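Structure first, commentary second.
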Amino acid sequence: MNCPVCGKEMKVGKVAYQPSAGLHFLPPGERLPHVLTKSGIEKRGGIALDGPNNLGLLESDGTLPAHICRSCRKIVIDY
Ligand SMILES: [Zn+2]
């Protein structure tokens, strides 16, 4: 998929959400860490979009497929 703003190819990834964990973009093959911190998300190559609000243990994956253009800071999410 190409970025709707700049036309460059977007990278595949996924958007992950958990009520207590917040909203995050993750690269392929990565998942939310069991103990959530912003640096833990970034260490996995992800972006903390909102939260985490609380530290918490995760029991399910809770992700959606997504494409990202880091130049334009755009994410397109499949649902
Ligand atoms: Zn772009």
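Taking a point 7 Å out from the Cα of Arg44 in the direction of its Cβ, the residues of region 3-20 whose backbone N falls within less than 20 Å of it are 11-20. Ranked by the mean number of other Cβ atoms within 10 Å of their residues, highest first, the peptides 31-38, 4-11 come out as 31-38, 4-11. The sum of -39500 (n - 2.57) across all DSSP H runs of n ≥ 4, divided by the residue count of the chain, sets its helix-only mean residue ellipticity at 222 nm to -1500 deg cm²/dmol.
Entry note, the chain: relative contact order of 34 percent, from Cα contacts under 8 Å with a spacing of 6+ residues. Across the options Ala21, Val35, Val76, the greatest Cα extent toward the positive end of the charge dipole of the chain (unit charges at beta carbon of Lys, Arg, Asp, Glu) belongs to Val76.
On the basis of the beta-carbon distance and an R0 of 22 Å, Val12 and Val35 show a calculated FRET efficiency of 0.25. Relative to its Kirkwood radius, the Cα radius of gyration of the chain gives an Rg/Rh of 0.98.
Other residues within the sphere of radius under 10 Å centred on the Cβ of Arg70, judged by their own Cβ, net out at +4 (K and R +1, D and E -1).
The numbers here are math on the coordinates, done by the rules we state, and not lab data. Everything numeric in this text was worked out from a predicted model, so none of it was measured. All Cβ positions, glycine included, derive from the backbone under ideal geometry; neighbour counts span all protein chains shown.
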